[in-house]
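The values are calculated or read from the model by the stated rules, or taken from the named source; none is laboratory data. Just so we're clear, the structure is a prediction, and the values are computed from it rather than from any experiment. Here the Cβ is made from the backbone with ideal geometry for all residues, glycine too, and neighbour counts use every protein chain on show. Please note that ligands, DNA and RNA were not included when accessible areas were found on the heavy atoms of the full protein model with its side chains. Shrake-Rupley method; radii C 1.70, N 1.55, O 1.52, S 1.80 Å.
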Amino acid sequence: MGSLRQCSRSACQRPAVATLTYVYGDSTAVLGPLATYAEPHTYDLCSVHAERLTVPRGWEVVRLTLPDAVPEHNSDDLLALADAVREAAAEPAPDQPTPGQRGSRPPME
């Protein structure tokens, strides 16, 4: 199974392999491996567009090593995440009352 995210460039259908982030205060563009999560104000790029990246005059580009292939997704990762969510939902937090328990005082008789 390939990347679930596509290149951010218009009309490009290729899978994303890199994430581009701009650091405006430093006039720097950082191009690195595909981020784990899609974040606002970042751009996912395919290998073709990552290779052709240009920046405005006076800006610097920091290019981190990119993988040679599209990262593979492992179904075990998704199953582990689902198990963790189920486990967290099944256990009430220690500082919060369990359902039906309104406070620390015993019910009035």
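List of remarks:
- Pick from region 26-59, criterion in a loop (DSSP other than H, G, I, E, B) and charged (D, E, K, R), ranking: surrounded by the most Cβ atoms within 10 Å (Cβ to Cβ): Glu39
- Among the residues of region 1-16, those that are touching a helix residue (DSSP H, G or I) at 6+ places or on another chain (Cβ under 7 Å) and open to solvent by less than 50 Å² (accessible area, probe 1.4 Å) comprise Cys7, Cys12.
- Complete set of residues in region 60-87 that are in a loop (DSSP other than H, G, I, E, B), loosely packed, with under 13 Cβ neighbours inside 10 Å and at pLDDT below 70: Pro67, Asp68, Ala69, Glu72, His73, Asn74
- Candidate set: region 17-44, residues that are among the aliphatic types (A, V, I, L, M) and out of contact with any helix residue (DSSP H, G or I) (no Cβ under 9 Å at 6 or more places or on another chain); chosen: the one farthest from Arg5 (Cα to Cα): Val23
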